[in-house]
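The values are calculated or read from the model by the stated rules, or taken from the named source; none is laboratory data. It should be emphasised that the depicted structure is a prediction, and the values quoted were computed from it without experimental measurement. Cβ placement follows ideal geometry from the backbone for every residue including glycine, while neighbour counts extend to all protein chains displayed.
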Amino acid sequence: MTDIRAFEGPQEAGFGDYVQLLKQRVMSLVVFTALVGILVAPVSVHPVLAFVSILFIALGGGASGALNMWWDADIDAVMRRTKNRPVPSGRVQSGEALGLGMGLSGLSVLMLGLAANWLAAALLAFTIFFYVVIYSMWLKRSTPQNIVIGGAAGAFPPMIGWACATGGVSVESLLMFALIFMWTPPHFWALALFMKDDYSNAGVPMLTVTHGRKSTRKHVLVYTILLAPVALAAGFTSIGGPIYMTVAVVLNALFLRGAWRIWKRDEVMAEADSYAVEKSVFRFSLYYLFLLFGAFLAEAALRPFGLGGW
Amino acid sequence: MALRPEHEIHTRRFGRNLGVGLTLGAFILVVFAMTVVKVTEGGGMLDPATQGATATKEGTP
């Protein structure tokens, strides 16, 4: 009786469907930047505790992803890119996503507090709150600047990592935060220019829809210009050094060149080459962040040998 | 021959149960490892008043 009944009911989720709720691709960025935050801090952390801290920071990020999928199921169902996600496709019930997200949020904050300290745990809790309530529930559907302010959620992990090690917030961790915060808009708008996602059908006010593509191109350039001094300023702090500075100067020059090329183009030119420049700038922006944080790591790794840092 | 024929849903349920079991096992290992480290280190990971000075990395101010 029990088994036969289950076959007739709604589709039953597999383990992978629940894992998919955690947005693994976003988690990889969270893991990397939080790891850099821990490793470049001037205070040593036991490797096991560092591992546990990163694990639960990642899980907290995943929990906010599940809550985002719970709240945005109506939007996800409309857009081609997201309609196969577990909730809109019916593989996972909406309430399950909410329960998983809430449960993992509480668990990750509690475990981070026990593994590291309560400031780091509080920052993680605030990050989840910011992403779910401020970004998903409020800004995403109300302003085309949603990406700008919502980007703060993705910028917190290195700050949490730094807090795990030092127990505090400093100019270094603030600049790592600012780096990701300023990087998010040009990165995402470059994507929005060529993805042509059906945001308007979903009722999401994307800049490309509300202000047009010409204005979006200008925004990419302006934010890339604003990003450069933040990236360079981080190089003058205790986590920077000649390696980071060299990498930052080269990468920012290339990013500015790409943003300038995006700004100079119009839709006719972009469609003629299938958005080649926009796609290359988007790909480059991923390398940009990875290499800058990699340079922070290189400085920290060489410091014991008297080579890293100023 | 099995008494009940295997249905695809049984495979999916087994996968889910296995996943949950392995996750819980991993969680226990993580808590155990964390406890061992905390006990052997004799305190929290960070108490700047007592640990900050001794834990500062070599070569940093």
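Which one of these is among the β-branched types (Val, Ile, Thr) and either closer than 15 Å to A:LEU59 by Cβ or assigned by TED's automatic domain parsing to the domain that holds A:TYR223 (or both): A:ILE147, A:ILE180?
Only one candidate qualifies: A:ILE180.
Does A:LEU286 meet the test of being at negative phi, buried (at least 18 other Cβ atoms within 10 Å of the Cβ) and more than 14 Å from chain B (Cβ to nearest Cβ)?
For A:LEU286, the condition - at negative phi, buried (at least 18 other Cβ atoms within 10 Å of the Cβ) and more than 14 Å from chain B (Cβ to nearest Cβ) - is not met.
List, please: which pairs have Cβ atoms under 9 Å, are six or more places apart or on different chains, and start with a residue in segment A:163-189 that is within 30 Å of A:TRP263 (Cα to Cα) and end with one that is among the basic types (Lys, Arg)?
Close Cβ pairs satisfying both conditions: A:TRP189/A:ARG217.
Could you check B:GLY15 against (1) farther than 30 Å from A:GLY309 by Cβ; (2) facing chain A (nearest Cβ under 10 Å); (3) modelled with pLDDT under 95; (4) out of contact with any helix residue (DSSP H, G or I) (no Cβ under 8 Å at 6 or more places or on another chain) and say which number it fails?
Only one criterion in (1) farther than 30 Å from A:GLY309 by Cβ; (2) facing chain A (nearest Cβ under 10 Å); (3) modelled with pLDDT under 95; (4) out of contact with any helix residue (DSSP H, G or I) (no Cβ under 8 Å at 6 or more places or on another chain) is unmet by B:GLY15, namely (4).
For segment A:130-170, which positions are surrounded by 19 or more Cβ atoms within 10 Å (Cβ to Cβ), within 14 Å of another protein chain (Cβ to nearest Cβ) and not in a helix (DSSP H, G or I)?
A:GLY167
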